[in-house]
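Before any comments, here is the structure.
The values are calculated or read from the model by the stated rules, or taken from the named source; none is laboratory data. Source: prediction; values computed, not measured. Note: ideal-geometry Cβ built from the backbone for every residue, glycine included; neighbour counts use all protein chains shown. We work out accessible area using only protein heavy atoms, side chains counted, and drop any ligands, DNA or RNA first. Shrake-Rupley method; radii C 1.70, N 1.55, O 1.52, S 1.80 Å.
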Amino acid sequence: MTDSGEEMQALVVRLRTVEQERDAWRTRCAGLAGERDSEREQARRLRGSGSYRLGRTLVSFAREPLQGPPRLIRRLVGRIRRRPDAPARRTRTAKRPLPARLYVAMGLDLPALRELVQTLRRRLTVEPDHRAVVLTDNPEFSLLRKAGLILEYLPDRWTWERHRPDRAWDEVLAGRLSRLYAEHAATHVVFVDPERPPALTDLLDDTTPSAPGSLQQT
């Protein structure tokens, strides 16, 4: 009797285990069925979209390259016309770029040039009415590339005359300014006094500088 009771208990445990596995499989199958239905719905929507029909047309063109272009065009137009009514696309108006202003900053060491660039950035943050193009003769200008301004370089007078004595530095500067003025569609040229770099208030009121000689605008 003892052996028979143990066998009966083991059979009950096994039966419960099988029932639990069955319920787990049923739950899993129900979840998979839900995922299947969701994927079917997504596939149905995809097949009804114009993008899908356009892709099918392009694939058919790749598979049948000998078809005449008029036939392909008719098929493409016909498939796109079958798409449901879609809202009209908004036309994008081209945004005009801001005018540029050239800042000629010759003779500034790196700290002074960095301070000028930071001041210009603050100026454009307060009133973003133009793009700043800074022409400098400091060879370390590349350290300020991440400042977000347009930095242009021209060797200083001493370096230029040492390596290119055949051409006057003043002529080179004038030619460079003329080219930058045209390339950036600039509207003003501002000469920065290296002895008295402009403060933020000067740049905000740069048509009539508060510090005489700090800015000279043309």
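Name the residues in region 104-116 that are more than 22 Å from Ser178 (Cα to Cα) and surrounded by fewer than 21 Cβ atoms within 10 Å (Cβ to Cβ), would you?
Asp109, Leu110, Pro111, Ala112, Arg114, Glu115
If you scan region 154-188, which residues turn out to be open to solvent by 60 Å² or more (accessible area, probe 1.4 Å), over 16 Å from Leu135 (Cα atoms) and not in a helix (DSSP H, G or I)?
Within region 154-188, Arg164, Pro165, Asp166, Arg167 qualify.
On the given criteria, is Pro194 on the phi < 0 side of the Ramachandran plot and open to solvent by 70 Å² or more (accessible area, probe 1.4 Å)?
For Pro194, the condition - on the phi < 0 side of the Ramachandran plot and open to solvent by 70 Å² or more (accessible area, probe 1.4 Å) - is not met.
Residues in region 172-186 that are among the small types (Gly, Ala, Ser) and within 29 Å of the chain's Cα centre (by Cα): how many?
First, pick out the residues of region 172-186 that are among the small types (Gly, Ala, Ser): 174-175, 178, 182, 185-186.
Subsequent filtering for residues that are within 29 Å of the chain's Cα centre (by Cα) retains 182, 185-186.
Residues meeting the conditions: 3.
Could you run through region 138-153 and say how many residues are of a type in the set (S, T, N, Q) and open to solvent by 60 Å² or more (accessible area, probe 1.4 Å)?
Final tally of qualifying residues: 1.
Within region 117-137, how many residues are touching a Leu at 6+ places or on another chain (Cβ under 9 Å) and open to solvent by 90 Å² or more (accessible area, probe 1.4 Å)?
Counting residues in region 117-137 that are touching a Leu at 6+ places or on another chain (Cβ under 9 Å) and open to solvent by 90 Å² or more (accessible area, probe 1.4 Å) gives 3.
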